[in-house]
Amino acid sequence: MKSLWILFIYTGLGYSITMAQSGDNSPYPSDSLNVLKLDEVVVEEEAIDERSGITQFYKTNQHSSIEDILERMSGVHLIRRGNYALEPTYRGLSGGQINVTLDGMKIFGACTDKMDPATSYVETNNLHSIAIEQDNALGSSLGGNLNMKLKEPLFDRNKSWRGAISSGYHSASKGSNHALSLNFSQDRWAFRTHAVYRRHENYRNGNGEKVNFSQYNKVNISFSGKRLLKNSQMLKVDVLMDDAWDVGYPALPMDVGYARAKMGAVSYQKFFKDHWLSHIETKLYANFIRHAMDDTQRPDVPMHMDMPGQSDTYGAFVNAEFTPLRKHRLRARLEAYQNRARAEMTMYAEGEKPMFMLTWPDFRRTSASIYLEDKILLTNSLNVQLTARTEWSHSVLTEEFGKKQLEVFGYDVDKAFQELPVSASAQLEWKWATSWTSRIKAGYTQRLPTLSEQFGFYLFNRYDGYDYIGNPDIELEKSFSTELSLDYSGKYIQVLGTVYQYQIQDYILGSLAPELSAMTIGANGVKVYGNIPSAVLYGSELELLLRPTERLTWMNSLQYTYGEDNDKDPLPLIAPLKGTSSLRYHPDKFYIQMESEMATKQSRTSSKFGERTTPGYVIFHLRAAYQLPIAMQTLKVETGIENLLDKAYQQHLDWGNILRPGRNIYMNINFQF
């Protein structure tokens, strides 16, 4: 196989690495590689040493999208329906099986077709880090939580104003990206604002063909203000607004007219010194999502449809950290939220009156939860971490029209649906040598069904061509998981290796309902969400980081997941073996970076889900940048060629066999002041 030679260089795996500068003022780490937390990627931090090369493995250029970063994190793959708002999956788990949060805040999309994941409403220039947290502190989910953290205002006594302005161009989509960041601080006040504008036309694939309906436009604006109070207290306000319009989805029958989000939060923190309570944080938040699918730009539409949706979430949480005993570090989280959602579809048949239905009936889910964690330091090299979480959930439909739709199938939806999902885990960490650490973890988790799985009404899935109906009486999905990891961290090399397994009971999947008739023109039939007895997922992840000299960094990753149901049939949307390698040479003001990406052929496909075999591929990228100091300011020029050989390729989770962009030449100019 052509890609065998490149497999030799991939020997890395585990979670994504946190990048941060060393504690001293040296531009390079003085001894070992500086890895602080294995499941967090710092996207951008003013204090970071960019010559480390690690950050650039994830954020390859100034205008990288959040999807570009996610796609390089271990265990993460993206479901691609277009060139915008890709949906993250983790270790073969997706949808309601993973939680996606922003600074711990719950966000639920407003699109029945999952065209607006929570990640689509955040931009990298206002993002500090992305963390994969498997302790379920932020919600009941089988695959843990993907938590995005916004940048905070900086206090700088020497410089009141600081900021950056940048612009860039991408040739494959004739796309332009523009960004502005400003930070102001004075005494006990600090403010930060970010703005991003992206405009991309239809891109060209590796065959030189234009991919119609792959365009998008978006604006993202965020503001954060911080006030330092007396006695180690802090008050912070965050506001974020995101507006995307004219967004094409070539793999779907409809595009997006608009996708809008407004988010706000107020938080209070207090830090304690020489006290059994070390830190407490309280936050109130709200977010409002509006989304509308649109087919007015599509030719030969058999019947025009309007499909608007909305999702509003209100919540609050309290985080606290304790050290009541010398060898115990406790953490607690109390949280409550309510999500309100509704989605409509109006069909305009020629010569007929408009037909209306609720694809998501008016829905209210109220939740309250408590999470506890105890990290016990048994010895200087051995610790145990125990976690437990329980949640009370109360779900109701609030409109008679929506209730009657589901009552047709014999469901009693006048009642409230209450659940009590629980989760617990135990982890043993042993640092058995100076550079070696081992971890073993076991956990049990239950998760709530999503709105679509429980109350969805004739939701068309373009991937398999079926209309889907929710099941109000669906059971909670349950998982027993185990994980073993090994970490070597030396002066010039770091290796992370992880193997994992999920034994899932009552796996939620759509099952064929031949007695029901499809509503979508041309649909293959109807499926109803339900529980199959079991499914299993297992896999491994590796990462290898080499830094043989101060100017050379080589980062490699490799990941594989295997999944099957109780009938030994492959689970859907499971990516094949995939690897990435990045070699970076970085003298003082300049760097050049060579990259390769590969994936093997995926022939283990789900016939029940309509999957097809996808071929393997190998692609290459070349990047470079030069940083020029100007007085007290900095001008940085970035350029690169992505898909250097103009390869026509697709990944297994790309819907509709739509090829990805071909050769893309980009240039970015960034001015920091």
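Just to be sure, is residue 445 over 30 Å from residue 525 (Cα atoms) and at pLDDT 95 or above?
When the stated conditions are applied, residue 445 passes them.
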**Item:** Selection from the range 325-353 of residues that are in a strand (DSSP E or B), within 30 Å of residue 293 (Cβ to Cβ) and of a type in the set (Lys, Arg)
**Value:** 340, 342
**Request:** Could you check how many residues of the range 644-661 are touching a residue at least 40 places away in the same chain (Cβ under 8 Å) and either in a strand (DSSP E or B) or under 22 Å from residue 88 (Cα atoms) (or both)?
**Result:** 12
**Asked** Which of (1) within 23 Å of the chain's Cα centre (by Cα); (2) part of a strand (DSSP E or B) does residue 185 not meet, given it meets every other one?
**Response** (1)
**Asked** Would you call residue 513 surrounded by fewer than 19 Cβ atoms within 10 Å (Cβ to Cβ), under 29 Å from residue 80 (Cβ atoms) and modelled with pLDDT of 95 or more?
**Response** yes
**Request:** Any chance you could count how many residues in the range 577-594 are part of a strand (DSSP E or B) and either crowded, with 17+ Cβ neighbours inside 10 Å or among the hydrophobic types (A, V, I, L, M, F, W, C) (or both)?
**Result:** 12
**Asked** Given the residues 359, 366, 390, which is the only one that is touching a strand residue (DSSP E or B) at 6+ places or on another chain (Cβ under 6 Å) and more than 20 Å from residue 315 (Cβ to Cβ)?
**Response** 359
**Item:** Enumeration of residues in the range 614-634 that are over 18 Å from residue 652 (Cα atoms) and at pLDDT 95 or above
**Value:** 620, 621, 622, 623, 624, 625, 626
**Item:** Matching entry among 101, 89 (being modelled with pLDDT of 90 or more and either over 14 Å from the mean Cα position of the chain (by Cα) or under 19 Å from residue 574 (Cα atoms) (or both))
**Value:** 89
**Residue list for the range 557-572, filter: in contact with a Gly (Cβ under 9 Å, 6 or more places away or on another chain), part of a strand (DSSP E or B) and not hydrophobic (A, V, I, L, M, F, W, C)** = 557, 559, 560, 561, 562, 563, 570
**Request:** For residue 611, state whether it is buried (at least 18 other Cβ atoms within 10 Å of the Cβ), among the charged types (D, E, K, R) and at pLDDT 95 or above.
**Result:** no
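Taking the criterion of being crowded, with 20+ Cβ neighbours inside 10 Å, among the acidic types (Asp, Glu), modelled with pLDDT of 95 or more and within 30 Å of residue 109 (Cα to Cα), would at least one residue in the range 239-246 satisfy it?
Yes; the residues of the range 239-246 include at least one that is crowded, with 20+ Cβ neighbours inside 10 Å, among the acidic types (Asp, Glu), modelled with pLDDT of 95 or more and within 30 Å of residue 109 (Cα to Cα).
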**Request:** Filter the range 595-604 for residues that are in contact with a Pro (Cβ under 6 Å, 6 or more places away or on another chain) and surrounded by fewer than 20 Cβ atoms within 10 Å (Cβ to Cβ) and give the result.
**Result:** 601, 604
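Which of the residues spanning the range 595-637 are small (Gly, Ala, Ser), under 25 Å from residue 580 (Cβ atoms) and either in a strand (DSSP E or B) or free of Cβ contacts under 8 Å to residues at least 24 places away in the same chain (or both)?
Once the filter is applied, which keeps residues that are small (Gly, Ala, Ser), under 25 Å from residue 580 (Cβ atoms) and either in a strand (DSSP E or B) or free of Cβ contacts under 8 Å to residues at least 24 places away in the same chain (or both), the range 595-637 yields 596, 599, 603, 624, 625.
Taking into account only those residues within the range 328-380 that are among the hydroxyl-bearing types (Ser, Thr, Tyr) and within 25 Å of residue 275 (Cα to Cα), which is modelled with the lowest pLDDT?
379
Which of the residues that make up the range 135-182 are aromatic (Phe, Trp, Tyr) and assigned to a strand (DSSP E or B)?
Of everything in the range 135-182, those that are aromatic (Phe, Trp, Tyr) and assigned to a strand (DSSP E or B) turn out to be 161, 169.
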**Scan of the range 486-539 for residues that are in contact with a Ser or Thr (Cβ under 9 Å, 6 or more places away or on another chain) and either without any contact (Cβ under 8 Å) to a residue 24 or more places away in the chain or assigned to a loop (DSSP other than H, G, I, E, B) (or both), ordered by number** = 490, 491, 492
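The values are calculated or read from the model by the stated rules, or taken from the named source; none is laboratory data. Model, not experiment: these values are computed from the prediction. No Cβ is skipped: glycine too gets one built from the backbone with ideal geometry, and neighbour counts run over all protein chains shown.
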